[in-house]
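The values are calculated or read from the model by the stated rules, or taken from the named source; none is laboratory data. Only a predicted model underlies this, so the values are computations on that prediction, with no experimental measurement involved. For neighbour counting, all protein chains shown are included, and Cβ atoms are generated from backbone atoms with ideal geometry for every residue, glycine included.
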Amino acid sequence: MLGEKLSFLWRDIFWWWAKIFLGPPLRFFFHIQSEGKRRFPPRGQPAFLLANHTNTVDPFMIADSINRPVRYVVTDEYFRYKISRTLLGWVKGIPKTKNIPDSVTMRILLRAVKRGEIIGVFPEGKRNWDGQTLPLGDTIPRLIKKLKIPAICVRQRGSYLAWPRWSNWPRRGRIIFDFSYLFENPDEVPEDEGEIKRRIEEKLFYSELEDPEVIKHIFTSPTVAEHLELRLWLCPHCLRFFTLKSEKRNLFCTACGARWSFVGNGTFQLNKAGEPLAVGARNFKRYIDWTRWNDAQTMPMLADRKKQGKDTLVSLPAMMWSVPTETGRDRDFELKGDGIATLTPDFRMVFVRSKDGKVLFDTPLTEMKGPGITWNHKFEFFGEDMAYRFTFFGQSAYFWHFLTQELDKSKSKGDLR
């Protein structure tokens, strides 16, 4: 009991130390501005803090804007590295395995509520790739209904462009945190979970690249385009997969020679058209339009390749890791080798190791459990009593996650072929 009290005392000391020494540099670099109602319940009374998730360091920036320690629910990926595990232990982070139910997380969270703490949660469950709030799950509305504690929402504006999901480095921008109460008193919490979810969506839904006040900011960083190919895998001029490459402020196609300059605020300028242009070629001035076209065309173009009788729809160099596991959090991965990850016409992922030509993995995408992306280039998921990781350097790991989502949608509609 004494040890627990001392650990939380250390948490409070460390939290205030971080607020004093890390808060000012963050506020200066990102030009952070807070608006709205930030009056939290007094110490000892629990509350939920809900926010859209667009930036690597947004938990720290949001916490700096309030006067009580926040205990965030954090993906367990960060608990597998010594430095981040130590820091998260100091601030009492709550580990959560992505995309699958986690009873351990729920027990820790309920204990934190009993202690009267502020629980920081990103209801999307992961950082979004395009600055637009992702569909929310049902877990948080269910918890709010059950626990009937105050809930505060903070909608971030400008946070995505300051550090896009596909980028390795932040840029100086202007970030606005808009605080507002979802429910200030327990009596305000509806009994209908659907209504709670609707109100959360109303508070948090936001499309940053369609906000004229945000996109008018011009970024001067010399590397604003680097790693765009982690999100964009289709060239709109030659309609080929995985031919896009980025360099400093430019994005270009290695197949047709098309070249664009990226302004950094979500807009492109065409410098050179591809040769030859494919039938149905497009050009986009806005990143958000390109991503929507990219996503809408992926499955039809893969279906066309299948109709053409191709044995391989897509193949990419990768490294495979795996580990036997009995629980979702037990993932100390072992490298199995480098090779080629292939997408077959029946939407199976096949991995062939380079050194001996051995097939190490062959599984339908529809049988992957809890798929997710960590550190932008790692595609992770669970199989039967196994956890897997495929690392893609220089090309999109998110492509594979996107396919699992699209196949799940087709399966739920009953039109999966």
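Observations
- Residues that are of a type in the set (S, T, N, Q), over 26 Å from A303 (Cα atoms) and at pLDDT 95 or above, drawn from region 323-356: S354
- For first residues located in region 98-120 and assigned by TED's automatic domain parsing to the domain that holds G44 and modelled with pLDDT of 85 or more, partners that are surrounded by 14 or more Cβ atoms within 10 Å (Cβ to Cβ) and among the hydroxyl-bearing types (S, T, Y) and lie 6+ apart or on another chain with Cβ distances below 6 Å form the pairs G120/Y72.
- Residues satisfying the stated conditions in region 161-215, i.e. within 21 Å of I66 (Cβ to Cβ), assigned to a helix (DSSP H, G or I) and aliphatic (A, V, I, L, M): A162, I200, L204
- Taking the conditions (1) in contact with a Lys or Arg (Cβ under 8 Å, 6 or more places away or on another chain); (2) assigned by TED's automatic domain parsing to the domain that holds D178; (3) surrounded by 15 or more Cβ atoms within 10 Å (Cβ to Cβ) in turn, E191 satisfies each one other than (3).
- Only residues that are closer than 11 Å to V224 by Cα, under 14 Å from the mean Cα position of the chain (by Cα) and surrounded by 17 or more Cβ atoms within 10 Å (Cβ to Cβ) were counted across region 162-181, and they come to 4.
- Hey, G23 of a type in the set (G, A, S), farther than 25 Å from R155 by Cβ and either modelled with pLDDT under 90 or assigned by TED's automatic domain parsing to the domain that holds R171 (or both) or not: no
- Among the residues examined, T56 does not qualify as within 24 Å of K145 (Cα to Cα), at pLDDT below 90 and either of a type in the set (S, T, N, Q) or out of contact with any Gly (no Cβ under 9 Å at 6 or more places or on another chain) (or both).
- Candidate set from region 355-391 (those that are of a type in the set (S, T, N, Q) and under 24 Å from R305 (Cβ atoms)); member that is surrounded by the most Cβ atoms within 10 Å (Cβ to Cβ): T363
- Filter pass, A397 being under 20 Å from F241 (Cβ atoms) and touching a His at 6+ places or on another chain (Cβ under 6 Å): yes
- Exclusive hit being free of Cβ contacts under 8 Å to residues at least 24 places away in the same chain, closer than 30 Å to A51 by Cβ and not small (G, A, S), set R259, R199: R199
- Scoring P42 on the criteria (1) out of contact with any Phe, Trp or Tyr (no Cβ under 7 Å at 6 or more places or on another chain); (2) assigned to a loop (DSSP other than H, G, I, E, B); (3) touching a residue at least 12 places away in the same chain (Cβ under 8 Å) leaves a single failure, condition (3).
- The residue that is nearest to F179 (Cα to Cα), counting only those in region 52-91 that are in contact with a Ser or Thr (Cβ under 7 Å, 6 or more places away or on another chain) and part of a helix (DSSP H, G or I), is D58.
- Residue in region 138-149 that is within 22 Å of E208 (Cβ to Cβ), of a type outside the set (K, R) and out of contact with any Phe, Trp or Tyr (no Cβ under 7 Å at 6 or more places or on another chain) present: yes
- Some residue of region 93-100 being surrounded by fewer than 17 Cβ atoms within 10 Å (Cβ to Cβ) and more than 30 Å from H217 (Cα to Cα): yes
- Yes/no for T366 being closer than 27 Å to E226 by Cα and within 24 Å of the chain's Cα centre (by Cα): no
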